[in-house]
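Report on the structure given below.
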Amino acid sequence: MNQAVQTSEAIEYDQSVRYLNRDLSLLDFHLRVLEQAVDPLHPVIERLVFLLIFSRNMDEFFEVRVAGLMQQLSYSDDTTTPDGMHPSEILAKISETAHAAIDRQYRILNEEVLPALAEENIRFLRREELTNDQATWVHQYFREQVLPVLTPISLDPAHPFPRLVNKSLNFIVTLDGKDAFGRDIKFAIVPAPRSLPRVVRLPDHLTGGFEHHVMLSAIIHEHVSELFPGMSATGCHQFRVTRNADLEFDEEAEDVAKALKGGLSSRRFGRAVRLEVTSHCPENIVEYLLRRFGLNQTQLYKVNGPVNLARLLSNFNRPKMRYKSFTPAMPAALKTSEDIFAAIKKQDILIHHPFESFAPVINFLREAARDPQVLAIKQTLYRSGADSEIVQILADAARQGKEVTAIIELRARFDEESNMEVANILQEAGAVVVYGIVGYKTHAKMILVVRREGDKLTRYVHLGTGNYHAGNARMYTDYGLLSANPQLSEDVHKIFQELTGMGKAAKLQKLLHAPFTLHPQLLAYIDEEIGFAKSGKGGHIIVKVNALTERQLIDALYKASQAGVKVELIIRSTCCLRPGVPGLSENITVRSIVGRFLEHTRVYYFGSGGEPKVYCASADWMDRNLFSRVEVCFPIDNGHLRRRIIQQGLQNYLEDNQQAWNLTKEGIWERVVPKEGEPLHMAQSILLEKLAR
C-alpha cells in the first residue's frame, strides 16, 4: 500500500500514506454516528434519533461534498486531493461505502429499532395492517386534510417533467385510461406538500390509546386514484432527489444580503446528485427517473422504507425509552452573586455546555440591556435563529437607546434565510448590523459589553467555542468564558473595530486571531514542543477539534512525532492525519468520541516544558478556519480553570472506553473495547454526574 524511502533523518512517505482523504474521513464519521443506532448504551428512541441524524448527515454530505466532486468532474478538473486521489476515485469509493451504509441503516430500522418500538406499542402501521375502522379514518383524513393541497401533474407535451424541490417527497404514478380531454396519459407526478406532516398519529379511540401512526406516503399511495377521476392508478412509487445545495453568489456584489437572497432560490433546484426510490420500484420507472435527473445507477439508492427518513417522527414522550433528563448546573461563581458584572469582575468564569447552563450567557446580555450604566453591546451571530431570546434581547437593548452592533454571518450554511431574518429584526429595532468581511466568514464567537462605572468605562466579554444558540447549547459540548480582563477585552474591542471599520490587522495582546496570527502561532507552539522534546523536557500536545485537514499543521505534527513529542488528538469527524506510522507518526494517537452530545469544544494544549498553555477557540484545524474565516482563540490563564479543562475536557476524553473510536495507521476507525478488568469510563456521563443535576 505504501511506498517509503529511507533517509538519514526519518522515513519519507508518499501522499497516499501521509494524508487520509477528507471526504472519505467525513463519511467515516457518519458511519460512526450510524453505529450508535445499534449501541445498547442508548435507549431505543435515542437509537431511532441516531438513524434520523445519520439521514440528515448524509443529505448534507451529498448536497455539499458529493456535489462538489461531481462539479469538479464536470469541469474536467484533474486536480488530485492531498492524498493523491482523483475525484472519480473518491466518488466511486463514496458510492460503494454509502450504498452499504444506507442498506445497513434500513436493516437496523426494520429489524431492530421498529420491532423494539412495537414492543412498547409505538408502531408505524402499513396500509395492510389497518383495521377497517382505521382505514375509514385514514380515508377521511385524506379527503379532508391531504387531497385539498395536493397538485397532481400529468406528464405530456403541455406538462413537461416539473422542477422538483431539493429533498422533497414525490410520487410517480402510472395511469391507465383517458382523462377528461381524451388524452392517454401514462405518467403523473404528485409532489407531497412540505406543509403536511410526514407521520400521522391515529386517534386513541382507534388504537386503544397506543401510539400508532401512518406515514403520509402510505396515505397518498392508498388513495392516489382519487386524484385522477375516470382513470386507474396502476402504480404509485415514492422518490426523492438530492441536489447540489452549496450556495454560490457574487461576494463582490454591492449588497451582500440581496445577492445572497437571490442565490437561495437557486439552491432548491441545483444539479441532481442522488436519487432515492423504494426497493420495489419497477426498473422501467427507475430508468425513466434517472434519465430525467441526469443520473446513473451508481447515484441511485433503493431503500426498504420511507425515502424521507429524516422526517420520521421521534419525539415520543416516553421517559423510560429516552436519555435520563438533567438540569444544567449554574457555575459556582454565579450561584451566590446577584450582580453578574460584579461576579465577572471578581474572576474569570468558565462555562461547560451542556453540563452547565447557557442561562448565564443570556443573563449577561439581559442585564446589559437593562442596566442604565451599559452604553454599548457588540456581538457576533453565526447561528442564532430569529426566535432566539438573544436576538430579542439585543433588539430590546437597541430600542432602549443602547449602542447595539451585531456582526451577522449571513453565509452560515443552511442558516442563511434565518440569519437574514435576524438582521431585519435587529435593523428595525435600531441596531447597527454588519455582514462581516467580504471573502471571510465571521465564525468568531464574541460578546463585548461597555459599562460606565464611576468615571471610567469597563468592558466585559464572553468568548465561546460554539454558537449563540440555546438549543445547540443543550445538545453540543462547548466552552464559554466570561471575563473582565482588560487585555482580553481590549483585544475583543479591536477585533470588532476590524470587522466594522477599515485598516490594518489589529495587534492583539492575548487573543490569537485568524486569518492573521492563529496559524503561525500554532506552528510556533508545535515547534516549541519539538524543542522541549529534544532538550529532554518531554514535549506534549493535545488537540480537541471537530476536524483536522490543514496540511502544514499535519506536517508539523509529523515532525513533532519524529522528534519524540507525544501528540494526542481528539477529532470528532474529519481527520486527514494518519497516526501510528513508523518513522512518521508513531507518537501520534487519534480518537473520536461519539455519544449523546455532539462534541464541539475546540481546545489546544501545549505542555510547554511543565507550564502548560491551554487555549479554547472557535476554529477547527482546517484551511477554511485558519485562512478564510475570522476566528478567535483565547487563552485560559486562570490556573484553576486551566486544570479543570485539562482534567475534564481533555484527559477525561482520552480515558473514555465506552464511546471512543481509535484511528489506526491503516486509516480505519476501531471502536475502543475496555480491557479485562478495566473500569468503564464514559466521558460525557462523568461530566453529567459531576457538573449537572
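The values are calculated or read from the model by the stated rules, or taken from the named source; none is laboratory data. This is a predicted model, so every value here is computed, not measured. Positions of Cβ are backbone-derived with ideal geometry, glycine not excepted, and every protein chain shown enters the neighbour counts. For the accessible areas, the whole protein counts, side chains as well, though only heavy atoms, and no ligand, DNA or RNA atoms are used. Shrake-Rupley method; radii C 1.70, N 1.55, O 1.52, S 1.80 Å.
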Across all Cα atoms of the stretch 9-129, Rg and the largest Cα-Cα distance (Dmax), in Å, are 18.8, 71
Kirkwood calc, the stretch 571-693, C-alpha pairs only, radius in angstrom 16.2
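Count charges around residue 678 for me, please; just the other residues with Cβ under 14 Å from its Cβ, Lys/Arg as +1, Asp/Glu as -1. Mind showing how you got there, number by number?
Numbers: positive: 675; negative: 655, 656, 676.
Cβ neighbours under 14 Å give a net charge of -2.
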Flagged as over-length at 25 Å C-alpha distance, from 559/675; 441/544; 378/507; 346/537; 566/675, the pairs are 559/675; 346/537
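Cα-Cα pairs above 17 Å in the stretch 299-390: how many percent? Before the final figure, lay out the partial values.
Values: 2908 of 4186 pairs.
Above the 17 Å cut-off, the stretch 299-390 has 69 percent of its Cα pairs.
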tail above 19 Å in the computed P(r) of the stretch 506-583, as % of all Cα-Cα pairs, reads 40
Expressed in angstrom, Rg and Dmax over the Cα atoms of the stretch 411-468 are 14.5, 46
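Can you send over the carbon and sulfur percentage of the accessible area for the chain, probe radius 1.4 Å, protein chains only? The partial results should precede the final answer.
Numbers: 14500 of 29890 Å².
Result for the chain: 49 percent of the exposed heavy-atom area is carbon or sulfur.
Find the accessible area per residue for the chain; the probe is 1.4 Å, ligands and nucleic acids are left out, and the unit is Å². Don't skip to the end; give the middle numbers.
Details: 29890 Å² over 693 residues.
Normalised by residue count, the accessible surface of the chain is 43 Å².
Heavy atoms only, probe 1.4 angstrom, no DNA, RNA or ligands counted: give me 274, 474 ranked by accessible area, highest first. Please report the intermediate quantities before stating the final value.
Numbers: 274 5, 474 110 Å².
Of 274, 474, the descending order of accessible area is 474, 274.
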Summing +1 per Lys or Arg and -1 per Asp or Glu among the other residues with Cβ less than 10 Å from residue 211's Cβ gives +1
With -39,500 (n - 2.57) per DSSP H segment of 4 or more residues and division by the full residue count of the chain, the 222 nm estimate, nearest 500 deg cm²/dmol, is -9500 deg cm²/dmol
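Take every DSSP beta bridge whose two residues both sit in the chain, then give the antiparallel share in percent to the nearest 5. Mind showing how you got there, number by number?
Working: 70 of 104 bridges.
Close to 65 percent.
Over the stretch 330-447, what lengths in whole Å, largest first, do the semi-axes of the equivalent ellipsoid take, defined as the square roots of 5 times the eigenvalues of the alpha-carbon gyration tensor?
Values: eigenvalues 130, 61, 29 Å².
They are 26, 17, 12 Å, listed from largest to smallest.
Leaving ligands and nucleic acids out of the surface, order 81, 207 by accessible area at 1.4 Å, largest first. List each step's numbers first, then the result.
Values: 81 35, 207 15 Å².
Reading off the accessible areas and sorting them downward yields 81, 207.
Quick check: net charge around residue 500, other residues with Cβ under 12 Å of its Cβ, Lys/Arg +1 and Asp/Glu -1?
Numbers: positive: 378, 494; negative: 403, 498.
With Lys, Arg at +1 and Asp, Glu at -1, the net is 0.
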Quick calc of log₁₀ I(q)/I(0), the stretch 394-518, Debye, one scatterer on every Cα, no solvent, q values 0.20, 0.21 1/Å, result -1.44, -1.54
With the chain reduced to its Cα atoms and the Debye formula applied, log10 I(q)/I(0) at q = 0.08 1/Å amounts to -0.71
